[in-house]
């Protein structure tokens with residue numbers, strides 16, 4: 001079975017429309033991946049900050065608990 005890519009008189013409109021659609025989808029995917037990368041980095045920064053704050057609140061093993 002051969003694919004028929006001949007769009008006859010409408011080819012001048014159809015193929016550029018397909019190309020523009022593919023470019024827009026590629027841009028949306030790239031933007032989504034970049035946003036997810038930034039979100040993941042920000043989440044890791046916040047997690048490290050929270051862990052550091054929690055560690056600062058915990059008493060050290062040499063400190064005796066208050067009676």
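Axis angle, to the nearest 10 degrees, between helix 11-57 and the longest C-alpha principal axis of the chain: 0 degrees. Run the paramagnetic zone check for residue 54: 7 angstrom along Cα to Cβ, then residues of region 28-45 with backbone nitrogen under 15 Å. 44-45, by backbone N distance to the label point.
From the list (1) 28, 11, 9; (2) 62, 11, 5; (3) 16, 13, 12, can you say which value of semi-axes √(5λ) of the Cα gyration tensor in Å was derived from the structure given? From the options (1) 28, 11, 9; (2) 62, 11, 5; (3) 16, 13, 12, the structure gives (2).
FYI, it's all coordinate maths here, none of it is from the lab. Note that the structure is a prediction, hence the values are computed from the model and not measured. For neighbour counting, all protein chains shown are included, and Cβ atoms are generated from backbone atoms with ideal geometry for every residue, glycine included.
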